[in-house]
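The values are calculated or read from the model by the stated rules, or taken from the named source; none is laboratory data. Note that the structure is predicted; figures quoted are calculated from it, not measured. So basically every Cβ, Gly included, is an ideal-geometry build from the backbone, and we count neighbours across all protein chains shown.
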Amino acid sequence: MSEDNLEQYECMTCGIIYSEAAGLPDEGIPPGTKWADIPDDWTCPECGTGKFDFELVVS
Amino acid sequence: MNRNLDLLDPVVMGDEVSMYSLFEHLRETDPVSYVEHPDYEPFWALTRHKDIKFISQNNSRFLNNPRTVLVQREFEKVLLEQFGTRNGLETLIHMDAPKHKKLRGVTRDWFKPAAIGELSGDIEAIAKKYVDKMESLGGECDFVKEISLLYPLRVIMSIIGVAPEEEPMMLKLTQELFGGADPSQSRGDETGDGLGVLMDFFTYFTALVEERKANPRDDLATVLANSLVDGEPMEQLDQISYFIIAATAGHDTTSATVGGGLKALIEHPDQLDKLRSNPDLYKSAAREMIRYTAPVRHMMRTTTQDETFQGQSIKAGESLCLWYPAANRDSTAIENPDVFDIERDNRNQLAFGYGGHMCLGQHLAILETEMFFRELIPRLKSIEFAEDPDWVQAIFVGGLKSMPVRYQF
C-alpha cells in the first residue's frame with residue numbers, strides 16, 4: 001500500500017497493476033481515483049479482463 | 001471453388017504473401033465464412049478484428065474446451081480414443097472456467113511483469129551469447145537455424161529447468177508437433193506418427209515430474225511437479241500438458257518473432273536505421289514485430305448461444321475459428337496495418353489473443369525480443385538476405401524455417 005492509503009490492484013490475466021495513486025490518465029482515469037469509483041464494466045486496457053478479475057496487491 | 005478452403009492448406013498458409021492475400025480476400029468479401037473441408041469438421045472462419053476481439057473477451061459465452069485448434073477429423077478420433085478428449089492435450093488453451101483460472105494461477109507468478117523483469121539480466125546474457133555466436137560464424141549463416149530457433153529455446157528451457165543437452169530433442173519434438181504438416185519437419189504421414197510425438201513428450205515430462213518431486217529445485221518444473229489444485233496434486237494429463245505447452249509455445253512463437261522481426265528490419269532499412277539511432281524504441285519495435293509476424297495463426301471457440309456476426313447467423317454449439325494475423329492487418333482497427341512501423345502504438349494488436357486466455361508468456365516474449373535486438377543492432381554494421389527465406393508449412397503456429405543472411409559486425 002502506498003502513502004495516503006492508496007492501494008494497488010493487479011490484473012489476474014496479464015499482471016498489470018492499477019495504482020490508485022497514479023490512475024490511468026491515458027484511459028481517462030485521473031490520479032487518485034479509488035478502485036471502488038471505477039465503473040464495474042471497466043476492463044483492463046491491456047488484455048480486456050473485467051474488473052472482477054483484479055485482486056488487491058497486499059504488501 | 002471457395003477460397004476459404006485455403007485456410008486448411010499448409011502450403012498456402014506457409015507462404016507469407018499468399019496467407020495475407022487470403023486473409024485480405026476473406027476479411028473484405030467473406031468475413032464470417034463457413035468452411036466445409038472433407039478432412040475437418042466444419043467451422044466458421046472469422047477474420048475481422050472487431051469480431052475476434054469481442055469473442056476473445058467473452059470466455060463464458062465462447063468456450064475453448066469443446067474444440068480448441070483445427071485438427072484433422074481422423075486424428076481427433078485417435079486422440080479421443082487415446083486421451084479421452086478430441087483435443088488430445090489438456091493445456092491452458094483447452095480449458096474453460098473455473099478450471100482455467102485455477103490452473104493458470106499455478107504458474108502465473110512466474111510470468112507476470114515483475115517476475116519477468118527480474119530475468120532481464122539472465123535473458124540479456126543469453127541474448128549476448130547468441131549474438132556472439134552469430135558474429136563468430138564469419139559473416140554468413142542461416143539466421144533461423146543457427147540463432148532464432150535456439151535463443152528462445154534456451155531461455156524457456158532455463159526457466160523450466162530442462163538441461164541444455166536436452167534442447168535439441170525438445171526443438172525436434174516442437175517442430176514435429178507444430179510443423180507436422182510440413183514434410184521437412186513431420187515425423188511421418190501416419191496418425192501414429194503424430195501420436196508418437198505426444199507420447200515422447202509424455203514420457204520425457206513424466207520422468208521429469210518424478211525427478212523434481214524427489215529433488216526439488218528453483219525452477220518451473222518443480223512448481224508444476226509439486227503443484228496442488230484445490231488441495232490435490234494436479235491431474236496427470238493436465239500436468240504433462242502444462243509442461244508441453246510451456247516447452248513448445250514458450251519458444252516456437254518467440255523464434256518466429258525474432259526471425260520474422262529481423263526479416264522485417266532487412267526489408268525496411270529505414271526502420272532499422274531508426275532503431276539503430278534511437279535505443280528507446282527497442283520495446284516498441286519488439287511489440288511491432290509481434291503484431292507483424294503474429295505466429296499463432298488461429299484458435300477456436302464454440303458458441304453457447306445463437307449469435308450473429310456481420311449479418312451471418314450462427315447457431316449455439318457451432319465452431320468459430322479466430323484468425324489473429326488477419327485481425328492484425330485489419331485497417332478498420334489498425335492504421336496502415338501492412339506497414340512495419342516500430343513506433344506504432346500496439347495496444348490494439350491481437351497476436352497474443354485477448355481476454356482471459358491472453359498469452360501467459362506475453363511479457364517474456366516481448367522482453368526476449370527486445371533484449372535480442374538491443375544486443376544485435378548496435379553491433380551489426382550491415383545485413384542482407386543471402387537466399388530467399390523459407391517458411392514452415394503450418395496452419396496453427398507458423399514462422400520461418402530458414403533465412404540465410406550475409407552480414408558484417
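Which of the following residues is in contact with a Ser or Thr (Cβ under 7 Å, 6 or more places away or on another chain), within 14 Å of chain B (Cβ to nearest Cβ) and closer than 23 Å to B:ASN59 by Cβ: A:GLY50, A:GLY15? Spell out the reasoning first.
Numbers: A:GLY15 fails: in contact with a Ser or Thr (Cβ under 7 Å, 6 or more places away or on another chain).
Among A:GLY50, A:GLY15, only A:GLY50 is in contact with a Ser or Thr (Cβ under 7 Å, 6 or more places away or on another chain), within 14 Å of chain B (Cβ to nearest Cβ) and closer than 23 Å to B:ASN59 by Cβ.
None of B:ARG379, B:ARG329, B:ARG347, B:ARG406 is in contact (Cβ under 8 Å) with a residue 24 or more places away in the chain, closer than 30 Å to A:ILE17 by Cα and of a type in the set (Lys, Arg) except B:ARG329.
Answer with yes or no whether B:SER158 is surrounded by fewer than 16 Cβ atoms within 10 Å (Cβ to Cβ) and more than 14 Å from chain A (Cβ to nearest Cβ). Spelling it out, it is not the case that B:SER158 is surrounded by fewer than 16 Cβ atoms within 10 Å (Cβ to Cβ) and more than 14 Å from chain A (Cβ to nearest Cβ). B:ALA316 falls short on exactly one of the conditions (1) within 26 Å of B:THR68 (Cβ to Cβ); (2) aliphatic (A, V, I, L, M); (3) in contact with a helix residue (DSSP H, G or I) (Cβ under 9 Å, 6 or more places away or on another chain), and that condition is (3).
Which members of the range B:343-370 meet the condition of being closer than 25 Å to B:ARG154 by Cα and more than 14 Å from every other protein chain (Cβ to nearest Cβ)? Listed by number, the residues that qualify are B:GLU368, B:THR369, B:GLU370.
If you go through the range B:13-36 and keep only what is in a strand (DSSP E or B) and within 16 Å of B:HIS49 (Cβ to Cβ), you end up with B:VAL32, B:SER33.
Evaluation of B:ARG86 against the conditions (1) within 14 Å of another protein chain (Cβ to nearest Cβ); (2) touching a Leu at 6+ places or on another chain (Cβ under 7 Å) shows that the sole unmet condition is (1). Looking across B:ALA115, B:ALA127, one residue alone is over 28 Å from B:MET300 (Cα atoms) and within 14 Å of another protein chain (Cβ to nearest Cβ). It is B:ALA115.
Looking for whichever is over 21 Å from B:SER148 (Cα atoms) and in a helix (DSSP H, G or I) here; the options are B:ASP270, B:ASP345, B:ASP341, B:ASP252. Which one fits?
Details: B:ASP345 fails: in a helix (DSSP H, G or I); B:ASP341 fails: in a helix (DSSP H, G or I); B:ASP252 fails: over 21 Å from B:SER148 (Cα atoms).
Only one candidate qualifies: B:ASP270.
The residue list B:PHE340, B:PHE373 contains one member that is touching a Gly at 6+ places or on another chain (Cβ under 8 Å) and either among the basic types (Lys, Arg) or more than 10 Å from every other protein chain (Cβ to nearest Cβ) (or both), which is B:PHE373. Among the residues of the range B:380-404, those identified as of a type in the set (Val, Ile, Thr) and either within 21 Å of B:GLU176 (Cβ to Cβ) or modelled with pLDDT under 95 (or both) are B:VAL392, B:ILE395, B:VAL397.
Only one of the numbered conditions (1) of a type in the set (Gly, Ala, Ser); (2) within 22 Å of B:GLN239 (Cβ to Cβ); (3) over 21 Å from the mean Cα position of the chain (by Cα); (4) crowded, with 20+ Cβ neighbours inside 10 Å is violated by B:GLY88, and that is (3).
Only one residue in B:SER284, B:SER331 is surrounded by fewer than 24 Cβ atoms within 10 Å (Cβ to Cβ), at negative phi, among the polar types (S, T, N, Q) and not in a loop (DSSP other than H, G, I, E, B). Which one? Just one listed residue meets the conditions, B:SER284.
Yes/no per residue for (1) more than 21 Å from B:HIS251 (Cα to Cα); (2) outside any helix (DSSP H, G or I); (3) touching a residue at least 24 places away in the same chain (Cβ under 8 Å):
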site	(1), (2), (3)
B:ASP182	no, yes, yes
B:ASP200	no, no, yes
B:GLU210	yes, no, no
B:LYS213	yes, no, no
